[in-house]
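In what follows, a single structure is set out as structure tokens and then discussed.
The values are calculated or read from the model by the stated rules, or taken from the named source; none is laboratory data. This one's a predicted model, so the numbers in the text were calculated from it and none came from an experiment. Reconstructed Cβ throughout: ideal geometry from the backbone, glycine too, with neighbour counts over all protein chains shown. What goes into the accessible areas is simple: the full protein's heavy atoms, side chains included, and nothing from ligands, DNA or RNA. Shrake-Rupley method; radii C 1.70, N 1.55, O 1.52, S 1.80 Å.
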Amino acid sequence: MKRLPALIAAALMLGSCALPALPAGEDSSRETSYRAGEYRGAAQGYAGELTAFVTLTDSHIDAIRVPDCPETEGIGSVAVEQIPGLIVANQTLAVDVVAGATATSRALIEAAAQAVSASGADPAPLLEPPAQPVRPSLRAEVHEADLIVVGAGGAGLTAALAAAQSGPELRIVLLEKNAAPGGNTLLACDGINAAASAAQQKAGVEDGFEEMLSDSLAASGAQEGELLETLAGDSAVVIDWLAEAGMPLGELTRLPGSSAERAHLPESGEPVGKFLIDGLTGEVRRAGVEILCGTRVSELLTDEEGRISGVIAESPGVRHLYTGGAVILATGGFAANDKLCGSYRTLLRGLDTVSSAAAQGDGIAMAQELGAATVDMAEIVAEPTVHRGSGLIVPRALREGGALLVNRSGERFADELADDASLSEALLAQPGRCGWLIFGEGLLHLLPSALEERTLSGADPEKLSRAAGLPAEALEETISDRNAELPEAADEEGNEPHPARLEGELYALEVAPGVKTTLGGLAITPEAEVLGAAGEPIPGLYAAGEVTGGVHGAAALPGNELAGLLVFGRRAGQNAAGWLSARAEGPESNDV
């Protein structure tokens with residue numbers, strides 16, 4: 001645990017070694033020969049294509065130039081400045097990416113590898129990391145703030161706005177490691193659950209706290225839940241709060257597991273996640289909150305009394321110290337961290353993720369360094385049918401329409417409409433931990449356009465089996481058995497063929513489960529305070545969203561995850577502002 005006074009002079013200087021030039025032939029760690037000359041390589045960066053020209057001598061990489069930079073100034077542009085020098089200094093492509101500019105860094109490394117290949121040399125030896133890597137120097141900066149919000153997804157933006165409304169005098173900074181706000185919230189499309197909302201009353205929908213809590217507990221597998229009670233109790237309040245901030249959600253739908261139409265959506269038809277992120281980002285900026293993207297927080301700081309006192313962060317070329325009396329963690333879960341997921345659920349090790357790549361669990365790890373408690377870390381949600389190779393979700397609508405799953409032996413092995421957890425386990429028990437989703441022309445309209453070019457096809461079972469590498473006889477028998485279960489027509493007159501029948505052109509997609517989200521994380525109170533191992537709140541530390549655990553139990557009722565990040569994000573912002581105000585008033589008021 002780092003203490004603030006010792007940090008300003010020392011900790012910011014970590015990693016501040018200079019970046020020396022490498023004289024020709026000085027790297028003795030590997031023997032490599034090249035055909036001397038300048039060679040070109042190109043790769044797609046974050047904002048456009050990056051072209052690198054690599055100059056080779058007969059023994060080493062002499063120089064790399066990138067003539068044009070389409071990347072974001074101050075983020076991707078820093079990677080363009082640093083990565084070529086790092087490759088030359090270390091004589092390897094195995095250099096660290098620049099924090100906040102991962103896509104640009106990887107594109108530059110790929111472009112350099114292509115250039116080396118163009119010379120006729122094998123770039124494989126350059127993928128070995130050096131024994132003593134040279135790293136870029138970082139400029140140290142110190143900033144003062146009152147409240148630091150870490151993570152600009154739905155929870156972080158909600159917390160920042162609520163804090164700014166509760167404490168307009170506060171200096172609030174919102175730090176986001178990605179190049180833009182959004183996180184996993186940006187991918188959301190289901191809706192936001194709320195009970196007894198104004199929209200429900202207007203539509204004549206009968207629903208209330210007890211009904212929503214009952215449905216939520218049934219999904220979670222629990223008999224009671226204090227945090228779920230808070231979620232259900234505040235759900236209509238946050239819908240009204242969003243409307244007051246210019247984000248009305250007047251459309252209603254009923255999601256699986258709910259006893260009423262309680263999922264709220266924009267009337268415009270825009271995906272609810274994008275609607276929230278765009279609206280909240282605008283409101284947060286108008287409230288005077290500074291949003292800094294491409295800035296990765298690496299450490300939480302405390303004072304001598306164990307109270308939050310700031311954070312250490314890094315942006316391209318800069319190491320920052322932000323001082324502040326409170327921190328709200330909204331860094332997301334750990335669905336993209338295969339090692340961490342696998343440590344809690346061995347069965348899920350090695351799977352793709354359909355989550356944001358930023359979901360690495362870094363907020364959880366930072367809080368654990370301060371002694372924070374975690375809960376439900378093994379509650380990891382898998383999406384059963386993810387296309388192998390692209391990581392795209394194959395929609396449940398295909399299975400609901402009648403598509404069938406077969407294994408590599410061409411045999412059907414599960415109920416395609418089983419719950420996601422059961423179907424994922426069934427798929428992972430098959431050879432190769434995968435299966436094939438088979439369907440006919442009648443269901444092709446349910447296939448997202450992004451998957452069309454990735455779909456294999458055949459005019460009959462035998463041709464499809466050849467395309468997919470499945471046993472022809474077994475697949476033909478499975479398809480015949482499936483067709484025998486279905487009527488030939490969808491209507492009594494026989495005018496429309498049944499859409500699920502496997503006739504005519506047949507299609508196949510190889511699928512396997514992918515990690516979708518994590519329901520475990522930091523233990524919090526109903527006021528969004530982070531709890532220590534002894535069960536007491538860590539002073540000045542709050543959390544909301546996927547970084548927290550204990551809210552949803554074993555499974556979240558569809559629509560509750562968005563509701564939860566809004567409810568606890570708003571509470572985190574309000575209570576952090578209250579904590580700071582109480583501290584400003586004097587020691588006697590610090591028991592908030």
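How much area per residue is accessible in the chain when the probe is 1.4 Å and only protein heavy atoms are counted (Å²)?
Details: 25110 Å² over 592 residues.
Accessible area per residue: 42 Å².
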Next on the checklist: Can you give me the C-alpha center-to-center distance between segment 138-156 and segment 342-403, rounded to a whole angstrom?
Outcome noted: 27
Next on the checklist: At 7 Å along Cα-to-Cβ for each site, give me the label-to-label distance between ASP303 and ALA203 in nm.
Outcome noted: 4.9
Next on the checklist: Run the reach check for LYS339 against aspartates and glutamates, Cα to Cα strictly under 20 Å, same-chain hits fewer than 8 apart removed. What comes back?
Outcome noted: ASP96, ASP352, ASP362, GLU369, ASP376, GLU379, GLU383, GLU425, GLU546
Checklist entry - Under a plain spin-label model, where a point goes 7 Å from the Cα along Cα-to-Cβ, how far apart in nm are ARG35 and ALA429? => result 5.6
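Just to verify a number: FRET efficiency for LEU255 and GLU453, C-beta to C-beta distance, R0 = 30 Å, to 0.05?
Working: r = 31 Å, r/R0 = 1.02.
Efficiency, from the Cβ-Cβ distance: 0.45.
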Checklist outcome for this item: Unit-weight point scatterers at every alpha-carbon of segment 71-227, Debye formula, q = 0.09, 0.15, 0.16, 0.21 1/Å: log10 I(q)/I(0) is -0.58, -0.97, -1.03, -1.32
Next on the checklist: Need the full-extension length gain, ASP240 to ASP460, defined as separation in residues times 0.36 nm minus the C-alpha distance. One decimal, nm.
Outcome noted: 73.7 nm
Checklist entry - What GluC sites (Glu not before Pro) does segment 47-153 have in DSSP loop regions with at most 10 other beta carbons within 10 Å? => result GLU73
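What is the sum of charges around ALA554, taking Lys and Arg as +1, Asp and Glu as -1, for the other residues whose C-beta is under 10 Å from the C-beta of ALA554?
Working: positive: none; negative: ASP376, GLU379.
Here the count lands on -2.
How high is the relative contact order of the chain, in percent, counting Cα pairs under 8 Å that sit 6 or more residues apart? Please list the in-between numbers first.
On the way: 1391 pairs, mean separation 98.6, N = 592.
Across the chain, relative contact order equals 17 percent.
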Item to check | Label-point gap, in nm, between ALA287 and ASP96 - each point 7 angstrom along Cα→Cβ | outcome: 3.4
Item to check | Apportionment of accessible area to carbon and sulfur, segment 406-522, percent (1.4 Å) | outcome: 44
Checklist entry - Residue by residue through segment 314-321, which ³J(HN,Hα) values in whole Hz follow from phi under the Karplus form 6.51 cos²θ - 1.76 cosθ + 1.60 (θ = phi - 60°), with glycine and proline marked x? => result 9, 10, x, x, 9, 10, 10, 10
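Summing -39500 (n - 2.57) over the DSSP H runs of n ≥ 4 in the chain and dividing by its residue number, what mean residue ellipticity at 222 nm do you reach, to the nearest 500 deg cm²/dmol?
Working: 16 runs with 182 residues, N = 592.
When only DSSP H runs of four or more count, the value is -9500 deg cm²/dmol.
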Checklist outcome for this item: Extend 7 Å from the Cα of THR55 along its Cα-to-C-beta direction; within segment 110-126, residues with backbone N under 20 Å of that point are 111-121
Checklist entry - What is the list of residues in segment 152-166 whose amide nitrogen lies under 20 Å from a point 7 angstrom out from the Cα of HIS143, following Cα to Cβ? => result 152-165
Next on the checklist: Please report the spacing between the Cα centers of segment 277-323 and segment 75-110 in Å, no decimals.
Outcome noted: 24
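Could you pull out the longest piece of the chain with no exposed loop trypsin sites (Lys or Arg not before Pro) in it, calling a site exposed if DSSP puts it outside H, G, I, E, B and it has at most 14 other Cβ atoms within 10 Å? Walk me through the intermediate numbers first.
Values: sites that count: ARG30, ARG35, ARG349.
Result, exposed sites excluded: 36-348.
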Next on the checklist: Could you compute how much accessible surface MET366 exposes when probed at 1.4 Å, giving the result in Å² to the nearest 10?
Outcome noted: 20
Item to check | Backbone N within segment 422-466 under 18 Å of label point (7 Å from ALA489 Cα along the Cβ vector) | outcome: 442
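Contact order normalised by length for segment 425-520, with contacts defined as Cα pairs under 8 Å and 6 or more residues apart; what percent is it?
So the answer I get is 44 percent.
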Item to check | Unit Cα scatterers, Debye sum, the chain: log10 I(q)/I(0) for q = 0.08, 0.09, 0.13 Å⁻¹ | outcome: -0.67, -0.83, -1.34
